[in-house]
Structures are given as structure tokens and as C-alpha cells.
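What follows is a single structure, written as C-alpha cells, with notes after it.
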Amino acid sequence: MKGIMVILDGLGDLPNRQLGDKTPLEAAETPNLDFFSARGEMGYLYSVKPGFVPESDEAIISMFGNDLIDSTRGQLEARGTDLKLTRGDLALRANFATIDSLKEGNIIDRRAGRTLTTSEAEQLAKALNKIKLPCKFEFKSTIQHRGVLVLRGGFSDAITGNDSPYLKGRAGKGDKIGNFKEFDNDDENAHYTINILKEFMEKAFEVLDSHPVNESRKKRGLLPANYLLMRGAGIEPPKLNFYRKWMSVSYMPLEIGFSRVSGMTVFSFDYPKLKDLDSYKNLRDGLSKACSFSIKSLKKNHQKFDYALIHIKETDLPGHDNKPIEKKFMIEYIDKTLFKFLRGFAPPKGIKIVVTGDHSTPSKMKAHSADPIPVLFYNDSPPKRKRSLFSIFRVGDKNVELRNPEAKKEKPGEEKVEKFCEKNARNGKLGKIVGKDFLGKVGFLK
């Protein structure tokens, strides 16, 4: 294997008072990341272009040398599941959300409080699939509040979604549900598509709001998952660059779909089910499994591929929830597991390491931002064998350790240390990198 790329979703952040005016990456204890940064180079990345606030799909598409028009979020999400698509099927990414009513249209929480269990989501999906429409369709719940809607047949994707916070670039208080809109008022197929989606959403709210799952949630003081926020409409199969010599360790539908379409060999696992109200315990369980599975996959398959893509999702979610301390904890956990392994695994084999994010998710903004993402590039050759400071001699029936006079004595604190963080990355030798130049800059090839 020549190189390993680790994408920590939403890695970039801004100084936060909860962390003493440091970013989570600055505040985190990361000796293994710092080992690589002290021996490598740092820079900063605009995953699409400066001033652009990217969604996750736009970021990874651009970072792998594609144009944004080459793909849609809905298509990638659907292709990351077991749903089968044919040309003309319309796919949209969906969130189970909470609204007050269809009439008022106020978004109370765009993720139903992150407390929707796997079982509840599956029950709601089953009820949604019983809705009667003039066309065939399929709704599939994926992980936590996430899902995918596919309308079967000849539909148009020249439309916006109804997820108004994403349409305007960020979530905030006072958001209202958006309206599906066609890009061209004279597009009859787009108009027909919108009418079908409006009919589906009216019936979906009626089904969801009165469903026993949500009645139970209301009685327990929980937010009902009574609405669907949708975005990323797509009908065309994505046309992305191929990376056949790559393996991908991914477990979220978007990244699985991207990796499949890009010709990578995907290694994945079933995400732990959310069984109770502690969504962050579920995320920590997922993070633990992601790190251990990544290590196992690299050990077993590193000789079969030239490059590996490892995507870790959990670092993004605390940013959306304004939980910088939780984000710091997750970075530290990844460092003492995955990066500790890579520290011993990569240098002896001469494997390059790249660490970055797909976008910044500053905790105090609770949304993606246009801020650049730190980049770490390690390209050290296998270390030369150092002469030992000590030699073992047998004296009588005992082993005696004596200093080797030819060995150089290392002084305490002599080892170079350079923190991997946003501030140092902005001053790093790699400098500024823009999306489509990323792979070329670090020398990762197809």
C-alpha cells in the first residue's frame, strides 16, 4: 500500500470559550497525530473553493477531482443502501424531523431530537411505504434520523428540496419547512414531480403525526418524528472518476455510495442500533466500531490495494449540536486507537498518511461553514535502524545492561513536537489547497 487517507467529517472548527478559546483539535491530546505532523507537512483545504459552504457530498466529490454537476446527494445516498435504481428513478436524502403543523410549518428540530431509535425509524418507514400514490415509491430508513426516498419512474430532478435550512446554507431558530420548487416554470415534468412530492408529504405528515410510535414519544416528552426534510434530488447515475486501486472503509450511506460509484472496494459494517435515548452513547459505540474495523481492514487488505480511504463520521455531529467537549473527546479517542495503530503500521512500510476533513463544522455555528480544513501530510521513508543506547552482557548468572559508547545520547524533550491544529495548518508548508487539486498535491493517484 502506498497511502492512507483519513477523512474526519466536520473536523475544522473555531475557537470556543468552552475549551478556553481553543478549537477541539487544539484542545485535544493527540500525541499520535502530532507524531505525524512533526515529521510531515501541514496545510489548509477549501474542499470545494474559498467562500463556498459545502455539504458532505459536494466536498468529497470535489476532493476526488470531480465537478459538482457530476453527481447528486440523493443518488449517492440511495446507492449506499440496498435500494436498486434504474434511470429515471428520483432519489432524495431525507431526515425525520419535528414540525408543529403543516399549516404553520415551523421546524422544531430537524433531527427529531436525535432520539429516534432504530426500531422506531423502521416502524415509521414501514408505515410510510403503505401510502398510496399515483406512482411506485420506496422509503428506507438508514442510520438514526436519516433516510432515503425513491420515486420510481420518469421524474425530474430539476427541483429544490423542502429542507429550507440547507437551502439557505445553515440551520437556525425560526426555520420553516421549504417548498419544493422547479428550476424552470415551463418544465411540465418538474411540475408533475413536485405535485407528487407534495401529495406524499401531506399524507406522510398525517401518517407520522398520528402513528403509535409518535404518540408514545409525545407522552414521554420526546419530540415526534412527524415530518421529512428532503434534499439532493437526483435521477441520473453519478459520473465520477474511477479509483479501482483504492479500498474504502465507510459505513454511512453517502460515503458508501460515493465509494461504490468511484470503483473502490468497500469494506463496511452494520452501524450499532440506537436502542435508547442516549444518542451520544450510540455515536461513541459507532466510533469505537469504526476505529477497530478500520484497523482490522487495513491489517488484512493493505497488500491488495494501492490506497485506502477511511471516513469517520462522528466528529461532525458534535459540531452540529454545539458540543465542542464531545468533539474533543472523539478526536482524542481516534488518536489513541486508529492513529496509534497507524503510527506503528505506516512508517516501517513507507506508507503515506493524509489526515483532513471534508468541511468545517464550527460548534458555535451548529452548521457547516466556509472555513478551511486543516490538512496533515506524512511522507517519511522507513526509519533507519538506530544504534541502541545499551547492550546486554552476560556476567555470571546475570544480564547486565551497559551503555554503548558509540550511541548518541538523546536528551529529554529532544524529540520534535508540532501540534496538528487549524492555526498551525494555516502556517504550514503545504499552504492553501483547493478541492480538485487535493489528490495531486499529496500525490495520491487513481
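The values are calculated or read from the model by the stated rules, or taken from the named source; none is laboratory data. A quick note: this is a predicted structure, and the numbers were derived from the prediction, not measured. Reconstructed Cβ throughout: ideal geometry from the backbone, glycine too, with neighbour counts over all protein chains shown.
If I ask for residues that are assigned to a loop (DSSP other than H, G, I, E, B) and of a type outside the set (S, T, N, Q), which ones from the range 220-231 would you list?
If we filter the range 220-231 for residues that are assigned to a loop (DSSP other than H, G, I, E, B), which is where we start, we get 220-226.
Passing the criteria: 220, 221, 222, 223, 224, 225.
Select, from 81, 86, the only residue that is closer than 30 Å to residue 237 by Cα and modelled with pLDDT under 95. Working first, answer last.
Working: 81 fails: modelled with pLDDT under 95.
Among 81, 86, only 86 is closer than 30 Å to residue 237 by Cα and modelled with pLDDT under 95.
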Failed item in (1) at pLDDT 95 or above; (2) outside the structural domain of residue 255 (by TED's automatic domain parsing); (3) of a type in the set (Gly, Ala, Ser), with residue 37 passing the rest: (2)
Selected residue (criterion: nearest to residue 106 (Cα to Cα)) from residues of the range 179-219 that are among the aromatic types (Phe, Trp, Tyr) and in a helix (DSSP H, G or I): 205
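Give me the residue from the range 25-38 that is polar (S, T, N, Q) and in a helix (DSSP H, G or I) and, out of that set, farthest from residue 346 (Cα to Cα). Steps first, answer last, please.
Residues of the range 25-38 that are polar (S, T, N, Q), as a first pass: 30, 32, 37.
Going one step further and asking which of them are in a helix (DSSP H, G or I), we end up with 32, 37.
Values: 32: 12, 37: 14 Å.
The extreme case among them is 37.
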Test: residue in the range 307-316 that is more than 18 Å from the chain's Cα centre (by Cα) and surrounded by fewer than 24 Cβ atoms within 10 Å (Cβ to Cβ): yes
Any hit, the range 241-262, residues being surrounded by fewer than 24 Cβ atoms within 10 Å (Cβ to Cβ), among the acidic types (Asp, Glu) and outside the structural domain of residue 216 (by TED's automatic domain parsing): no
Test: residue 69 is among the β-branched types (Val, Ile, Thr) and free of Cβ contacts under 8 Å to residues at least 12 places away in the same chain: yes
All positions within the range 108-148 that are surrounded by 22 or more Cβ atoms within 10 Å (Cβ to Cβ) and touching a His at 6+ places or on another chain (Cβ under 8 Å): 111, 112, 116, 121, 124
Among (1) surrounded by 19 or more Cβ atoms within 10 Å (Cβ to Cβ); (2) touching a strand residue (DSSP E or B) at 6+ places or on another chain (Cβ under 7 Å) - the single one residue 265 does not satisfy: (1)
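Residue-by-condition table, conditions (1) modelled with pLDDT of 55 or more; (2) not hydrophobic (A, V, I, L, M, F, W, C):
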site	(1), (2)
333	yes, yes
336	yes, yes
342	yes, no
347	yes, yes
355	yes, no
390	no, no
398	yes, yes
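Could you say which residue among 272, 324 is buried (at least 19 other Cβ atoms within 10 Å of the Cβ) and not acidic (Asp, Glu)?
324
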Sole exception among (1) buried (at least 21 other Cβ atoms within 10 Å of the Cβ); (2) over 22 Å from the mean Cα position of the chain (by Cα); (3) assigned by TED's automatic domain parsing to the domain that holds residue 375 for residue 89, by number: (3)
The one condition in (1) of a type outside the set (D, E, K, R); (2) in contact with a Cys (Cβ under 7 Å, 6 or more places away or on another chain); (3) closer than 23 Å to residue 109 by Cβ that residue 330 fails to fulfil: (2)
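If you go through the range 120-128 one residue at a time, do you hit one that is farther than 26 Å from residue 251 by Cβ and touching a residue at least 24 places away in the same chain (Cβ under 8 Å)?
yes
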Matching residues, the range 229-262, being in contact with a strand residue (DSSP E or B) (Cβ under 9 Å, 6 or more places away or on another chain) and among the polar types (S, T, N, Q): 248, 250, 259, 262
